[in-house]
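Note sheet for the following structure.
The values are calculated or read from the model by the stated rules, or taken from the named source; none is laboratory data. Owing to the predicted nature of the structure, the values given are computational and were not obtained by experimental measurement. Using ideal geometry, Cβ is built from the backbone for each residue, glycine included, and neighbour counts are taken over all protein chains shown. The accessibility values were calculated without ligands, DNA or RNA, using every heavy atom of the protein model including side chains. Shrake-Rupley method; radii C 1.70, N 1.55, O 1.52, S 1.80 Å.
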Amino acid sequence: MNREHPVLETRDLTIRFGGHVAVDHVSCAFNRGTLTAIVGPNGAGKTTYFNLISGQLRATAGKVALNGEDITRMSVPARTEKGIGRAFQLTNLFPSLTVRENVRLVAQAKARKGFDLFSIAENHVELIERAEHVLAEVRLLDKAGLAVSALSHGDQRKLEVALMIALGPQVLMFDEPTAGMSVDEVPVILDLIRGLKADADRTILLVEHKMDVIRSLADRIIVLHNGALVADGQPAEVIASPIVQQAYLGRDPDEIESAVGETANA
Amino acid sequence: MLKTLLSGDYPRSRVLSLVVLAIGISLLLAPFLYPGTKSLDTAAKIAIFVVLVASYDLLLGYTGIVSFAHTMFFGIGAYGTALTLSSMGPSFTAILLGMLAGAIVAAVFALAIGLFSLRVKAIFFAMVTLAIASAFAVLVSQLSGFTGGEDGLTYRIPRELTPGFRPIKEKLFGTAINGRLIAYYLIFFLSAFLFLVMLRIVNSPFGRTLQAVRDNGFRAEAIGYRAVLYRTTATVLSAVMAALSGSLLAIWLRYTGPATTLSMEIMVDILLMVVIGGMGTMYGAVIGATIFILAQTYLQDVMGVAEKATEALPLISVLVAPERWLLWLGVLFILSVYFFPAGIVGRLRGQGG
């Protein structure tokens with residue numbers, strides 16, 4: 001592999017809420033075509049770190065750079081246009097609109113037609129076709145006409161991934177994509193993420209608790225603890241590293257898998 | 001053809017289609033179907049309020065913004081036209097300039113309010129608009145040299161729009177063809193046009209984005225839409241439409257005052273019309289405005305008849321006396337909101353309630 005600039009980089013990224021430092025000087029670079037899992041106990045700052053990268057929160061100090069460009073002060077939609085895509089931990093969709101319309105809106109945003117006031121939206125057939133194509137990919141096409149509020153939790157998570165696919169960003173950030181899903185639905189989401197990973201242009205960040213998921217998908221694991229980056233490396237080596245056992249798990253590596261699995265299922 | 005006209009947004013219920021069609025035809029043929037000054041006044045007021053209420057629905061129903069400044073924009077349009085007509089004399093140029101000026105001032109005000117306050121929470125935005133609208137109403141009543149104060153402005157409109165103008169001597173189906181009729185049709189067709197423009201806007205890619213912003217502004221940003229820009233644009237469009245409907249009212253009444261345009265009472269009426277008709281449907285504006293104005297205008301008459309009929313029964317005749325019409329209007333609204341939480345249109349389309 002030739003050496004190239006990282007797609008996404010955070011430098012000394014920090015956010016304070018009053019006296020509490022939620023993310024503490026995290027410096028980390030993410031390369032094209034990699035999937036990095038971010039792990040850590042609850043309250044470690046994983047979702048906050050995500051929010052700083054995708055722009056829902058503004059950093060107190062430090063920098064976020066996308067393709068070398070400083071995006072620390074950019075708004076959420078500006079970052080989305082630059083190529084950062086975010087799927088949320090708690091399902092975060094357009095509940096009163098149909099499944100098809102949810103995806104169509106993403107296609108419409110990508111086509112920059114949001115300020116087209118005087119044409120009929122239904123006449124933009126290409127956007128509807130794009131939406132239905134993506135829905136077929138996540139196997140939701142048969143539910144395209146339903147309102148999102150009528151979908152099961154698992155289907156809503158699939159739709160969340162569908163929005164990400166339709167957005168087609170350079171950097172994809174998944175925040176516990178399988179949380180709360182039934183056992184038989186999990187593989188569908190994992191296959192979808194694996195499919196996205198197959199595209200070498202994409203850089204994927206994944207917050208996840210389930211160790212089997214991490215093992216099967218991640219090229220690299222970073223560990224956050226009390227807002228600070230405490231470990232970074234190959235999955236096997238990070239799980240075995242003493243710092244993780246001490247700071248994050250405080251026990252023997254063989255117990256990790258079951259312990260983390262239990263937390264996620266609780 | 002019909003798809004282009006209605007922007008592909010059909011009533012989607014047979015009863016609703018029939019009702020909307022009946023209202024449209026009644027308004028189109030009102031001068032011939034219901035001769036008389038009072039009924040023509042009512043028809044014109046319905047046409048104007050359909051636009052006003054639809055413009056509020058654009059804001060409340062489609063964008064999820066609660067504003068109490070809608071009558072301010074209505075008033076800006078009405079006063080714009082009233083001021084040009086009284087200062088420049090009765091000409092079509094004055095009307096056109098007044099409409100244009102009203103629309104521009106409304107747009108500028110809405111832009112300022114939007115950019116300054118749409119970042120705050122919905123409840124604070126509602127409070128800000130309430131404060132601005134109250135301040136504006138006070139300002140208008142205080143600047144009496146300019147606006148006529150509480151008395152308002154009375155002015156003349158072009159002769160072609162007054163009853164004295166008779167282009168054809170003969171009557172048509174028993175109705176005199178005069179300037180008043182021309183004024184009515186001017187208002188009817190402009191209102192119909194403005195309504196169809198709004199129906200187009202809510203069904204455009206922009207309108208769909210408004211619904212996304214309403215549903216989940218946070219997520220709309222995360223897929224690349226700048227929520228504040230969309231909310232502000234919707235506020236401006238809605239204000240311009242309200243101002244234009246205000247201009248139409250100024251032309252029809254030949255009088256503009258705080259009571260006909262700026263009062264909080266009208267604001268509440270608009271809110272009720274949207275809610276009763278059905279929020280976020282556009283057709284709800286047609287139905288809500290029609291029912292509300294008909295009730296406002298004729299409930300007293302109906303109750304007068306009822307009082308006569310029940311003269312023998314002591315308590316009932318007191319209850320249905322015409323002066324209690326507001327009580328019954330209130331009861332009607334409570335019942336309709338209770339039984340049709342999704343509005344009449346929502347009910348007819350078979351959702352909610």
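Any chance you could look up the accessible area of B:Val197 with a 1.4 Å probe, heavy atoms only, rounded to 10 Å²?
The accessible area of B:Val197 comes to roughly 30 Å².
Just by accessible area at a 1.4 angstrom probe, what is the order of B:Asp57, A:Asp116 from largest to smallest?
Largest accessible area first, the residues go A:Asp116, B:Asp57.
Return the long-range amide H neighbours of A:His225 (sequence gap of 5 or more, or a different chain), with a cut-off of under 5 Å between placed amide H atoms.
Hits under the 5 Å cutoff: A:Val230.
Which residues of region A:53-83 bury at least 40 Å² of accessible area once all protein chains are present, versus their chain alone (1.4 Å probe)?
A:Pro77
Using a 1.4 angstrom probe with every protein chain in place, what is the largest-first accessible-area order of B:Phe146, B:Phe292, A:Phe115?
Heavy-atom accessible area, descending, gives B:Phe146, A:Phe115, B:Phe292.
What does the helix-only formula give at 222 nm for the protein assembly as shown: each DSSP H stretch with n ≥ 4 adding -39500 (n - 2.57), the total divided by the residues, and the result rounded to the nearest 500 deg cm²/dmol?
My calculation for the protein assembly as shown gives -18000 deg cm²/dmol from helical runs alone.
Aspartates and glutamates within cross-link reach of A:Lys63: Cα-Cα under 18 Å, excluding same-chain residues under 8 positions apart?
Straight-line reach from A:Lys63, under 18 Å: A:Glu9, A:Asp12, A:Asp24.
Compute for chains A and B the buried accessible surface, both sides summed, probe 1.4 Å, and express it in Å² to the nearest 100.
2800
Please report, to one decimal in angstroms, the Kirkwood hydrodynamic radius of region A:42-101 built from all distinct Cα-Cα pairs.
13.0
Just the accessible area for B:Arg226, please: 1.4 Å probe, Å², rounded to the nearest 10?
Approximately 80 Å² of B:Arg226 is accessible to the 1.4 Å probe.
Would you please report the Å³ per residue occupied by the convex hull of the alpha carbon atoms in the protein assembly as shown?
204
Taking region A:8-265 on its own, what percent of its Cα-Cα pair distances exceed 33 Å?
Roughly 21 percent, once rounded to a whole number.
Can you compute 3J(HN,Hα) from phi for each residue in region B:161-175, using the Karplus curve 6.51 cos²θ - 1.76 cosθ + 1.60 with θ = phi - 60°, rounded to whole Hz and x for Gly and Pro?
Result, ordered by residue: 10, 10, x, x, 7, 10, x, 10, 6, 6, 8, 10, 6, x, 10 Hz.
Which entries of A:Lys143/A:Lys197; A:Lys110/A:Lys158; A:Lys158/A:Lys210; A:Lys143/A:Lys210 show an alpha-carbon separation above 22 angstrom in the structure shown?
A:Lys143/A:Lys197; A:Lys143/A:Lys210
Mind giving me the FRET efficiency for B:Ser17 and B:Ala259? R0 is 56 Å, r the Cβ-Cβ distance, nearest 0.05 is fine.
0.95
Determine Rg/Rh for region B:35-178; Rg is computed over alpha-carbon atoms and Rh is the Kirkwood hydrodynamic estimate from the same atoms.
Over the Cα atoms of region B:35-178, Rg/Rh equals 1.06.
Taking the Cα centre of the protein assembly as shown as origin, work out the dipole magnitude from +1 charges on Lys and Arg Cβ and -1 charges on Asp and Glu Cβ, in debye rounded to 20.
1860
Have a look at A:Ile15, A:Leu140, B:Gly346 and report the one farthest towards the positive end of the charge dipole of the protein assembly as shown, computed about the Cα centre with Cβ charges (Lys/Arg +1, Asp/Glu -1).
Looking along the dipole axis, the top candidate is B:Gly346.
Taking beta carbons within 10 Å but only from partner chains, what does the mean come to for residues A:108-114?
That average works out to 6.
Once Lys and Arg get +1 and Asp and Glu get -1 on their Cβ, which of A:Val223, A:Leu172, A:Ala61 lies farthest toward the positive end of the dipole of region A:8-265?
Comparing the listed Cα positions along the dipole, A:Ala61 ranks first.
Quick one: putting +1 on the C-beta of Lys and Arg, -1 on the C-beta of Asp and Glu, what dipole do you get for region B:2-348 around its Cα centre, in Debye to the nearest 20?
840
Which distance in nm do the two modelled labels at B:Ser134 and B:Leu319 give, with both placed 7 Å along the Cα-to-Cβ direction?
Distance between label points: 3.7 nm.
With charges set only on the Cβ (+1 for Lys and Arg, -1 for Asp and Glu), what does the dipole of region B:180-280 come to about its Cα centre, in debye to the nearest 20?
With only Lys, Arg, Asp and Glu charged at Cβ, the dipole is about 240 debye.
How would you order B:186-194, B:334-342 from highest to lowest mean count of nearby Cβ atoms within 10 Å?
In descending order of packing, they fall as B:186-194, B:334-342.
In region A:8-265, carbon and sulfur make up what percent of the accessible area (probe 1.4 Å)?
Taking all protein chains in place, region A:8-265 shows 50 percent carbon and sulfur surface.
What list of ³J(HN,Hα) values in whole Hz, one per residue of region B:297-307 in order, does the Karplus curve 6.51 cos²θ - 1.76 cosθ + 1.60 (θ = phi - 60°) give from phi, with Gly and Pro shown as x?
7, 10, 4, 4, 5, 4, 5, x, 5, 4, 4
In Å², and per residue, what accessible area does region B:2-348 have when probed at 1.4 Å with the other protein chains present?
43
Using the Kirkwood formula on the Cα atoms of region B:1-76, what hydrodynamic radius do you get, in angstrom to one decimal?
About 14.7 Å for region B:1-76.
From the phi of every residue in region A:57-64, what ³J(HN,Hα) in whole Hz does the Karplus formula 6.51 cos²θ - 1.76 cosθ + 1.60 yield, where θ is phi - 60° and glycine or proline is x?
10, 9, 5, 6, 8, x, 9, 10
Would you mind working out the accessible area per residue for chain A, using a 1.4 Å probe, and quoting it in Å²?
43
Can you pull the mean other chain C-beta count within 10 Å for peptide A:99-106?
4
What does the convex hull of the Cα atoms of region A:155-240 come to per residue, in Å³, rounded to a whole number?
Measuring per residue, one finds 110 Å³ for the Cα hull of region A:155-240.
Mean Kyte-Doolittle of at least 1.0 and a Cα length of 15 Å or more along the axis: which whole DSSP H helices of chain A meet both?
A:186-198
Sorted by accessible area with a 1.4 angstrom probe, largest first, how do A:Glu160, B:Glu170, A:Glu176 fall?
B:Glu170, A:Glu176, A:Glu160
Could you calculate the FRET efficiency of A:His153 with A:Asp191 from 1/(1 + (r/R0)^6), where r is the beta carbon distance between them and R0 is 22 Å, rounded to 0.05?
Efficiency, rounded to the nearest 0.05: 0.75.
Inverting the mean 1/r over all pairs of different Cα atoms, compute the Kirkwood radius of region B:2-348 and quote it in Å.
Taking the inverse mean of 1/r over all distinct Cα pairs, region B:2-348 comes out at 21.1 Å.
At a 1.4 Å probe, what is the % contribution of carbon and sulfur to the accessible area of region B:2-348?
72
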